[in-house]
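Written below as structure tokens is the structure these notes are about.
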Amino acid sequence: MTTANDDRVVEIEKVSFAYTADSPVLRDATVRIRRGDFACLVGPNGGGKTTLLRLMIGLLQPQSGAIRLLGGDPCDTRRRVGYMPQHARLDLQFPITVLEVVLMGRIGHTLGVGPYGKSEKERAVEALARVGLAELKRRPFSALSGGQRQRVLIARALACDPEILVLDEPTSNLDIASQNDLFDLLHVLNETMTLVMVSHDVGYVSNFVKTIVCVNRKVDVHPAGEIAGDFISDMYGRDMRIIMHDHKHK
Amino acid sequence: MEFFSAVLKYDFLMRAVATGLLASVACGIVGTYVVTRRITYIAGGIAHCVLGGMGAARYLQTVHGLGWAHPIYGAVVAALAAALIIGLVSLRAKEREDTVIGALWAIGMAVGVLFIHMTPGYNQELMSYLFGNILMVTKSNLWMLAALDALIVLAGVLFYNQFLAVCFDSEFALLRGMKTEMFYLLLLCLTALTVVLLITVVGIVLVIALLTLPVAVAGHFSRTLWQMMLISIGLSAIFTIGGLSLSFGPDLPAGAMTIVLAGGAYLLVLVGKRVFRFRTS
């Protein structure tokens, strides 16, 4: 391997993690993600995808092994990451407008006291424009559709000026058309930043994904394979890839 | 109307109105954070712990002759201590949060009752701790309440963005480098101070109602946090002054009247919304 180490934005080496002592969620997981990659974490529910993502950004600490994010301790470097949580986690009764949600992404950039300045608001609107929702900035967040809410949360992550975009199940509860729109957006964003996402789909991922990380207690990394099934294209009306889970049969 | 001419005539009524208005401002701001962050149970726990502090202060004052130990200082100390303990437990300990809050709630009250029992003399004051007595506010009390109010409003407004972030999505705020635990504890401390302010108005038992009902009503008419705050402040002012004036003539307890007004308004909004929706659909 001749790739320089600073080309790797995420380095997870032999990491094990358990919430309770007797049931490990991850065992000896090793994942490396290059700058400019579009990595997708797939696997069954409870397999540890979200746990791996949370370890990556320092929301959890591993019991053993080492994790480096952008060359440093995740807790120190995670401000250079734009994070999009699962939107189901947020309280929809909360009185907040779309613009206010996106402005949260600017929080680390300001002095902190008093209202956001004009330039901060402009940055937030810019981020909203990138996901195509600038005209909805005054709407209550709760009045949006599921797909629009995901986009607003992506805009919030973009407002952080991130080098890496980390997305937790961005396609959950979306119909196929909205999923395709979302992947088109992610594909454009991938031209300028590294993307890491969790997907609940085990079988299929978008054609834009470059690296597939299969997480089921253990971790296997595949470059996105070349096998595309015609029947899948027919079913989704779009090029999708089958993930070859051949490591399971070894 | 009789009430309003009486306000101009009597100092103690004037002070009661001032206290009601001061408390409304803090109540609207902090109440909004408490309701949207869904920590009313914590606010209730803090409020009831206050009885311990008030009882202890009153005991020291009467039995040991410590003149400065006014019950309101005991209330401030107990409220802040309860806020920090509950806050740290909910952030760090693996204990069930509601169990700890419930335990502190009862222990605080029990300690208060013990101290009040040990204090000689006829303890009419217990009732005013529990149900408030806005007419008893003295001039020096009022200054202290005004200072508390200023502190709460200043912090609540200056750190609006931070509190909004902590209440809406604390994890995201943490990833942006915000000290979310510190702001959460600060929010609980502001809640504690607001509870002390409100105890003079409606008493320990009724505090949660005044903290949440105006916000619950405001929630039906606001799309942002600051709109919710402004409407809540207005509503709390209407409820407290309304409660005071309605109870003045027939000589009823003002705190209870205030809460009945607030509860009635909330019920009216719920029913009104139902009927309106039924008509339009």
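The values are calculated or read from the model by the stated rules, or taken from the named source; none is laboratory data. If you're wondering where the values come from, they're calculated on a predicted model, not measured in any experiment. Counting neighbours? That spans all protein chains shown, and the Cβs are built from the backbone with ideal geometry, glycine included. Note: areas computed on protein heavy atoms with side chains; ligands, DNA, RNA excluded. Shrake-Rupley method; radii C 1.70, N 1.55, O 1.52, S 1.80 Å.
Quick rundown of the values:
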read-out: Single unsatisfied condition, residue B:173 versus (1) under 24 Å from residue A:98 (Cα atoms); (2) away from chain A (no Cβ under 14 Å); (3) open to solvent by less than 10 Å² (accessible area, probe 1.4 Å); value: (2)
read-out: Selection within the stretch B:228-257 - closer than 20 Å to residue B:40 by Cβ and either within 14 Å of chain A (Cβ to nearest Cβ) or in contact with a strand residue (DSSP E or B) (Cβ under 9 Å, 6 or more places away or on another chain) (or both); value: B:228, B:229, B:231, B:232
read-out: Complete set of residues in the stretch B:97-129 that are under 15 Å from residue B:78 (Cα atoms) and modelled with pLDDT under 85; value: B:129
read-out: Selection within the stretch B:127-142 - crowded, with 17+ Cβ neighbours inside 10 Å and in a helix (DSSP H, G or I); value: B:128, B:129, B:130, B:131, B:134, B:135, B:142
read-out: From B:147, B:103, B:79, B:93, residue being free of Cβ contacts under 8 Å to residues at least 12 places away in the same chain, more than 14 Å from every other protein chain (Cβ to nearest Cβ), closer than 21 Å to residue B:206 by Cα and of a type in the set (A, V, I, L, M); value: B:103
read-out: Near pairs, Cβ below 8 angstrom, 6+ apart or cross-chain, from the stretch B:266-281 (surrounded by 10 or more Cβ atoms within 10 Å (Cβ to Cβ)) to any residue that is modelled with pLDDT of 80 or more; value: B:266/B:213; B:266/B:216; B:266/B:217; B:269/B:217; B:269/B:220; B:273/B:220
read-out: Options A:130, A:151, A:138, A:156: the member that is within 13 Å of chain B (Cβ to nearest Cβ) and within 30 Å of residue A:11 (Cα to Cα); value: A:156
read-out: Number of positions in the stretch A:32-71 that are closer than 22 Å to residue A:163 by Cβ and small (Gly, Ala, Ser); value: 5
read-out: Extreme residue, most open to solvent (accessible area, probe 1.4 Å), among residues of the stretch A:50-75 that are touching a residue at least 12 places away in the same chain (Cβ under 8 Å) and of a type in the set (S, T, N, Q); value: A:63
